[in-house]
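Structure first, commentary second.
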Amino acid sequence: MYAIMGITGQVGSATARHLLDNGQRIRAIVRDKAKAAAWAARGAEIAIADWSDADALAAAFGNVDGAFVMLPANFAPSPDFAEPRALVQTLTAALRQAQPPKVVALSSIGAQHDRDLGLITQLHLLENALDTLSMPRAHVRAAWFMENIRWDVARAQFEGRLASYLQPLDRAIPMVATDDIGRTIASTLIETWSGRRVIELEGPRRYSPLDMAQALAAVLEHDVETTAVPREQWVARFEDEGMPAGRTGPRVAMLDGFNSGWIGFEGGTTEHLRGHIPLGYVADELVSASLGVVESPA
């Protein structure tokens, strides 16, 4: 039995699916039981727990063979990261109370650094907190999600353009599909080890913004032009998209880290794995899912 956080999201659902396909039992940790109906139909045990409730999480982590943990996505944390700090404290308290025999956590490329990470700071905090625990633990440091191109599909479809914050446009960075992340987490959960592991994960090859546009163009069957969004326009664009004023700094810092090369894999004694899913496959799935659904951007 494996406890799975975030099962209604991309990585959690992929992890659960791979475990079930491998004949394993899972306990789906959800805040809303109605959202777990599909998992219950597949035989999953359901545990109701808010991410801020240490006792409920501890109960969900109890009597399992391992637990997958993660932080909820927060693209606009307060400047002092108060919200993720509180969640990290609650999560580690729950794990310390439940004492599952092993823990696998979703982390990020670059999380080894203690500065200039922007949004990835949240995962650095998570790794540090989990490393105070005594049970075996594995940090899966995933590369840039290939699925991030879903935000580019509509403009590529209707305008033939992809506006990139990743720059320069021809610079390839590590990317990975969420299904490959879920597969890696699932396989790690059923392994046995001691102490701390760091698993750095990327896809079969690295991709640039130009490659992203080409992947979308191949599926859409028309040209997609790639343009670099000037850095001085980032904050205004983020606020236009709905980010609160004063909360854009971590996103800017993260992009700066990727563009400068500061955010990268640690290497050395870490385990380095490559997934199997190419960017073109992900682009095909995202475009297929959006056709007939998306509206032309204003």
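Among the numbered criteria (1) outside any strand (DSSP E or B); (2) open to solvent by 10 Å² or more (accessible area, probe 1.4 Å); (3) under 20 Å from residue 8 (Cβ atoms), which single criterion is violated by residue 94?
Status for residue 94: all satisfied but (2).
For a quick check of your reading of the model, give me the residue pairs whose first member lies in the stretch 217-239 and is more than 16 Å from residue 155 (Cα to Cα), whose second is assigned to a helix (DSSP H, G or I) and among the polar types (S, T, N, Q), with beta-carbon atoms closer than 9 Å and at least 6 apart or on different chains.
Every condition considered, the pairs that remain are 231/259.
List the pairs whose first member sits in the stretch 1-12 and is over 19 Å from residue 177 (Cβ atoms), whose second member is polar (S, T, N, Q), and whose Cβ atoms are under 7 Å apart, counting only residues at least 6 apart or on separate chains?
From residues that are over 19 Å from residue 177 (Cβ atoms), the pairs are 2/24.
Report those strands (runs of 3 or more DSSP E) wholly inside the stretch 184-275 carrying at least 1 residues which are of a type in the set (Lys, Arg) and buried (at least 17 other Cβ atoms within 10 Å of the Cβ).
196-202
Within the stretch 24-64, track down each residue that is within 15 Å of residue 182 (Cα to Cα) and either among the β-branched types (Val, Ile, Thr) or more than 22 Å from the chain's Cα centre (by Cα) (or both).
Within the stretch 24-64, 24, 26 meet the criteria.
When you look at residue 34, is it among the aliphatic types (A, V, I, L, M) and open to solvent by 40 Å² or more (accessible area, probe 1.4 Å), yes or no?
Against the criterion (among the aliphatic types (A, V, I, L, M) and open to solvent by 40 Å² or more (accessible area, probe 1.4 Å)), residue 34 qualifies.
Considering the stretch 181-229 alone, what residues qualify as being among the acidic types (Asp, Glu) and closer than 15 Å to residue 283 by Cα?
211, 221, 223
If you check residue 149 against the conditions, is it β-branched (Val, Ile, Thr), part of a helix (DSSP H, G or I) and touching a strand residue (DSSP E or B) at 6+ places or on another chain (Cβ under 6 Å)?
The answer is no for residue 149.
From the list 196, 205, 183, which one is touching a helix residue (DSSP H, G or I) at 6+ places or on another chain (Cβ under 6 Å) and closer than 27 Å to residue 127 by Cα?
Checking each option against the conditions leaves just 183.
In the stretch 184-229, what residues are of a type in the set (Gly, Ala, Ser) and out of contact with any Ser or Thr (no Cβ under 7 Å at 6 or more places or on another chain)?
Scanning the stretch 184-229 gives 187, 194, 195, 203, 208, 215, 217, 218.
For residue 67, indicate whether it is crowded, with 20+ Cβ neighbours inside 10 Å and within 21 Å of the chain's Cα centre (by Cα).
Spelling it out, residue 67 is indeed crowded, with 20+ Cβ neighbours inside 10 Å and within 21 Å of the chain's Cα centre (by Cα).
Looking for whichever is open to solvent by less than 50 Å² (accessible area, probe 1.4 Å) and part of a loop (DSSP other than H, G, I, E, B) here; the options are 12, 43, 23, 6. Which one fits?
Of 12, 43, 23, 6, the one residue that is open to solvent by less than 50 Å² (accessible area, probe 1.4 Å) and part of a loop (DSSP other than H, G, I, E, B) is 6.
Residue 126 passes all but one of (1) closer than 24 Å to residue 2 by Cα; (2) touching a Gly at 6+ places or on another chain (Cβ under 9 Å); which number fails?
(2)
In this structure, does residue 112 turn out to be touching a residue at least 40 places away in the same chain (Cβ under 8 Å), open to solvent by 40 Å² or more (accessible area, probe 1.4 Å) and in a helix (DSSP H, G or I)?
Here the answer is no, as residue 112 does not meet what is asked.
So residue 80 ticks every box in (1) part of a loop (DSSP other than H, G, I, E, B); (2) crowded, with 20+ Cβ neighbours inside 10 Å but one. Which box is left unticked?
It fails just one condition, (2).
Is it the case that residue 125 is part of a helix (DSSP H, G or I), among the aliphatic types (A, V, I, L, M) and open to solvent by 30 Å² or more (accessible area, probe 1.4 Å)?
Here the answer is yes, as residue 125 does meet what is asked.
When residues of the stretch 166-183 are filtered for being open to solvent by 20 Å² or more (accessible area, probe 1.4 Å) and under 18 Å from the mean Cα position of the chain (by Cα), how many remain?
2
Pairs under 7 Å by beta carbon, first residue in contact (Cβ under 8 Å) with a residue 12 or more places away in the chain and at positive phi in the stretch 74-92, partner part of a loop (DSSP other than H, G, I, E, B) and surrounded by 15 or more Cβ atoms within 10 Å (Cβ to Cβ), six or more apart or different chains?
Sorted first by the residue in the stretch 74-92, then by its partner, the list stays empty.
Can you pull out every residue in the stretch 48-77 that is in a helix (DSSP H, G or I) and touching a Leu at 6+ places or on another chain (Cβ under 9 Å)?
Correct list: 54, 57, 58, 61.
The values are calculated or read from the model by the stated rules, or taken from the named source; none is laboratory data. Just so we're clear, the structure is a prediction, and the values are computed from it rather than from any experiment. Every residue, glycine as well, gets a Cβ built from its backbone with ideal geometry; the counts of neighbours run over all protein chains shown. When the accessible area is computed, the model is the full protein with side chains, heavy atoms only, and any ligands, DNA or RNA have been set aside. Shrake-Rupley method; radii C 1.70, N 1.55, O 1.52, S 1.80 Å.
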